[in-house]
Amino acid sequence: MVLGKGSAMVDLAVLSLCLVLHFEMAHAATFTVGDANGWTFNTVGWPKGKRFRAGDTLVFNYSPGAHNVVAVNKASYSACKTPKGAKTYNSGSDQIKLAKGPNYFICNFAGHCESGTKVAVNAV
């Protein structure tokens with residue numbers, strides 16, 4: 001059976017797509033929020049100088065009962081307020097995959113967000 005140029009073009013397109021997907025998956029990174037200090041006070045500046053991509057994972061390490069992690073929108077992040085229905089994590093070792101664009105997280109324990117237990121990360 002002889003294949004025409006059209007078939008070869010389709011094969012090349014499929015191969016290219018597979019390579020791009022493999023490249024993207026292979027380069028997903030894992031970041032520990034707050035590095036060795038973990039998710040605690042004054043982590044607001046932790047993302048500075050780091051480059052995040054959609055699909056990267058943030059790991060929030062903390063003592064359960066001392067903190068939590070709440071995924072919020074920009075307004076809630078700025079106001080340190082938890083909107084109704086917000087996803088709350090409280091395992092002490094939460095792993096959250098970044099969506100493309102801005103991602104906002106706060107601790108909603110009284111006074112914690114206001115003390116810098118919050119991060120804003122933009123994933124490209």
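Inspect all residues belonging to segment 90-102 and state whether any of them is in contact with a helix residue (DSSP H, G or I) (Cβ under 7 Å, 6 or more places away or on another chain) and either without any contact (Cβ under 8 Å) to a residue 40 or more places away in the chain or charged (D, E, K, R) (or both).
At the first step, the residues of segment 90-102 found to be in contact with a helix residue (DSSP H, G or I) (Cβ under 7 Å, 6 or more places away or on another chain) are 102.
Cutting the leftovers down to either without any contact (Cβ under 8 Å) to a residue 40 or more places away in the chain or charged (D, E, K, R) (or both) gives us 102.
Yes: segment 90-102 contains one or more residues that are in contact with a helix residue (DSSP H, G or I) (Cβ under 7 Å, 6 or more places away or on another chain) and either without any contact (Cβ under 8 Å) to a residue 40 or more places away in the chain or charged (D, E, K, R) (or both).
Out of all the residues in segment 58-77, is one or more in contact (Cβ under 8 Å) with a residue 40 or more places away in the chain, in contact with a strand residue (DSSP E or B) (Cβ under 8 Å, 6 or more places away or on another chain) and hydrophobic (A, V, I, L, M, F, W, C)?
yes
Keeping to segment 64-78, report how many residues are surrounded by 12 or more Cβ atoms within 10 Å (Cβ to Cβ) and in a helix (DSSP H, G or I).
3
Of all residues in segment 98-107, which are within 18 Å of Trp46 (Cβ to Cβ) and of a type outside the set (Phe, Trp, Tyr)?
From segment 98-107, those within 18 Å of Trp46 (Cβ to Cβ) are 98, 102-107; that's our starting set.
The answer is Leu98, Pro102, Asn103, Ile106, Cys107.
So in segment 16-56, with the set limited to residues that are among the β-branched types (Val, Ile, Thr) and at pLDDT 95 or above, which one is farthest from Tyr77 (Cα to Cα)? Please lay out each step first, then the result.
Pass one, segment 16-56, residues among the β-branched types (Val, Ile, Thr): 20, 30, 32-33, 40, 43-44.
In the following step, the residues that additionally are at pLDDT 95 or above were identified as 30, 32-33, 40, 43-44.
On the way: Thr30: 22, Thr32: 20, Val33: 16, Thr40: 16, Thr43: 13, Val44: 11 Å.
Going through the qualifying residues, I end up with Thr30.
Of these, Asn103, Asn122, which one is buried (at least 19 other Cβ atoms within 10 Å of the Cβ), part of a strand (DSSP E or B) and within 12 Å of the chain's Cα centre (by Cα)? Talk me through it step by step, then tell me what you get.
Values: Asn122 fails: buried (at least 19 other Cβ atoms within 10 Å of the Cβ).
When all the criteria are applied, what remains is Asn103.
Counting just the residues of segment 79-100 that are of a type in the set (D, E, K, R) and in a loop (DSSP other than H, G, I, E, B), which one comes out surrounded by the most Cβ atoms within 10 Å (Cβ to Cβ)? Spell out how you get there, then give the answer.
Initial filter on segment 79-100 (of a type in the set (D, E, K, R)): 81, 84, 87, 94, 97, 100.
If we keep only those that are in a loop (DSSP other than H, G, I, E, B) too, we end up with 81, 84, 87, 100.
Working: Lys81: 14, Lys84: 4, Lys87: 10, Lys100: 12.
Within segment 79-100, the match that is surrounded by the most Cβ atoms within 10 Å (Cβ to Cβ) is Lys81.
Would you be able to say whether some residue in segment 62-70 is under 15 Å from the mean Cα position of the chain (by Cα) and at pLDDT 95 or above?
Restricting attention to segment 62-70, the residues satisfying the condition of being under 15 Å from the mean Cα position of the chain (by Cα) are 69-70.
Then keep just the ones that are at pLDDT 95 or above; that gives 69-70.
For segment 62-70, residues under 15 Å from the mean Cα position of the chain (by Cα) and at pLDDT 95 or above: present.
Determine if segment 41-48 includes at least one residue that is over 14 Å from the mean Cα position of the chain (by Cα) and farther than 17 Å from Asn122 by Cα.
Initial filter on segment 41-48 (over 14 Å from the mean Cα position of the chain (by Cα)): 41-45, 48.
Narrowing the set further to residues that are farther than 17 Å from Asn122 by Cα leaves 41-42.
Taking every residue of segment 41-48 in turn, at least one turns out to be over 14 Å from the mean Cα position of the chain (by Cα) and farther than 17 Å from Asn122 by Cα.
Taking interchain pairs and intrachain pairs at least six residues apart, which have beta carbon atoms under 9 angstrom, with the first residue in segment 33-52 and on the phi > 0 side of the Ramachandran plot and among the charged types (D, E, K, R) and the second part of a loop (DSSP other than H, G, I, E, B) and at pLDDT 95 or above?
Asp35/Trp46
The values are calculated or read from the model by the stated rules, or taken from the named source; none is laboratory data. What you are looking at is a predicted structure, and each value in this text was computed from that prediction instead of being measured. Note: ideal-geometry Cβ built from the backbone for every residue, glycine included; neighbour counts use all protein chains shown.
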